[in-house]
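Everything below concerns the one structure shown next.
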Amino acid sequence: FSALERPARCGTRIGDTVVDLSVLAEAGIFEDFDSSVFCQGSLNAFMAAGRGAWRAARATLQRILSDADDTLSGNDELRTAAFLPCDEVTMHLPAQIGDYTDF
């Protein structure tokens with residue numbers, strides 16, 4: 001997706017909100033994998049990172065979105081930067097497909 005005059009980057013939708021994963025990556029929220037993959041315009045690098053990265057990303061998102069964690073609830077600036085209303089973003093293809101021909 002893209003928004004706020006920034007280039008395309010990775011995000012995930014939760015309800016009527018897009019969570020900007022690049023903002024969370026730049027804030028150092030993710031551990032156990034190279035989260036700079038979320039600063040790219042497609043999910044290709046994240047998909048290539050494998051199951052360990054996928055599980056770590058999912059676990060991190062579940063943790064920071066839980067009521068018991070104050071990573072986001074205690075940081076208004078980070079929450080405002082990372083959560084964008086769906087109607088303010090432009091969606092793009094999630095992956096770049098190479099060497100594909102459809103006859």
Query raised in the report: Which of ALA68, GLY98, ILE29 sits farthest toward the positive end of the charge dipole of the chain, with +1 on the Cβ of Lys and Arg and -1 on the Cβ of Asp and Glu?
Result: GLY98
Query raised in the report: If you line up the long axis of helix 51-64 against the longest principal axis of the chain, both from Cα atoms, how many degrees apart are they, to the nearest 10?
Result: 30
Query - With all protein chains modelled, accessible area of LEU43 [1.4 Å, Å²] - result: 50
Query raised in the report: Percent of accessible area on the chain owned by carbon and sulfur, 1.4 Å probe?
Result: 50
Report task. Rounding to the nearest 20 debye, state how big the charge dipole of the chain is about its Cα centre with +1 on each Lys and Arg Cβ and -1 on each Asp and Glu Cβ. Result -> 320
Report summary line: The answer for the range 1-47, accessible area per residue at 1.4 Å probe in Å², is 50
Report summary line: Check: C-alpha center the range 16-50 vs C-alpha center the range 56-86, spacing in Å is 13
Report summary line: proj_area_mean for the chain (convex hull on C-alpha atoms), units nm², value 7.8
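The values are calculated or read from the model by the stated rules, or taken from the named source; none is laboratory data. Note that the structure is a prediction, hence the values are computed from the model and not measured. Here the Cβ is made from the backbone with ideal geometry for all residues, glycine too, and neighbour counts use every protein chain on show. Protein only, heavy atoms only, side chains kept; ligands, DNA and RNA dropped before computing areas. Shrake-Rupley method; radii C 1.70, N 1.55, O 1.52, S 1.80 Å.
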